[in-house]
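Asker: Mind looking over this structure? Questions follow.
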Amino acid sequence: MARLAGTASRVVFVGDSFVESTFTPLSLPAAVERRIAAAGGDIEAINLGVSGTNPRSYYYRIRDVALKLSPDALLLFIYAGNDFVPADESYSIWPSLIDESPGSALLGTVMPRTDWLLVNRFRLSEFLRGKPAPPDEDEMLDDDLHAPPAERTGRLVAHVRKSEEKIREVLSRGDDRLWRQAERHPGEQDYLMGWMLDIRQGHTLRA
């Protein structure tokens, strides 16, 4: 991939949804690029953030995609909320037919660009994990978040349908800070993502 003419440095950003920034006006790389330009600097920021991915995917994305772009700097973002896994949770040594990480897929071994396109154009990361989100989940959670105060916690607990005691405890922290933060403000839109409520014994599942 040829550099943009006149660009001083190429910087590649790798991570999950916090780097991809689907719900913000500017992605993290775009915001950094703009701020550096405003300060008189000049970089080409490339966004390799993909929602629903984890450190295993970051490794293959760096090896098979990012390094081939010959970046001057590579920034890897780890989200402490769900990028850590239990020590006894291992990955299969057998490659899959198609995978979010081209280096671990049979199709990716032969046609890495095609594998990358199929997985990420059709947003298959969550599907490949066997955790597809319910239809209209974002709208459902938004309704729950802005329901009458007496109904909010119960509706969120009912949405998750497990770990009721833990979810109630988490939502009660901070003297109702969550609900105050969720109040609607002109020109702003807050999102509550379903994976944030998906809690397993002892740790949070990866997005």
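Here, each number is a calculation from the coordinates, and none is a lab measurement. Just so we're clear, the structure is a prediction, and the values are computed from it rather than from any experiment. In this analysis, Cβ positions are derived from the backbone assuming ideal geometry, glycine residues included, and neighbour counts consider all displayed protein chains.
Asker: Ranked by Cβ crowding within 10 angstrom, fewest neighbours first, how are HIS146, HIS159 ordered?
Answerer: Details: HIS146 14, HIS159 17.
With the fewest neighbours first, HIS146, HIS159 line up as HIS146, HIS159.
Asker: Stretch ALA158-PHE77 to full length: gain in nm at 0.36 nm per residue minus the Cα-Cα span?
Answerer: On the way: separation 81, 0.36 × 81 = 29.16 nm, distance 3.25 nm.
Value of the extension gain: 25.9 nm.
Asker: Applying 1/(1 + (r/R0)^6) with R0 = 41 Å to the Cβ-Cβ distance of MET140 and VAL110, what FRET efficiency is obtained, to the nearest 0.05?
Answerer: The value I calculate is 0.55.
Asker: Assuming R0 = 41 Å, can you tell me the calculated FRET efficiency for the pair TRP179 and TYR59, based on Cβ-Cβ distance, to the nearest 0.05?
Answerer: The formula returns an efficiency of 0.60 here.
Asker: Given the Cα-Cα distance of ILE36 and LEU118 and 0.36 nm per residue of separation, how much length would full extension add, in nm?
Answerer: Going from the current span to full extension adds 26.2 nm.
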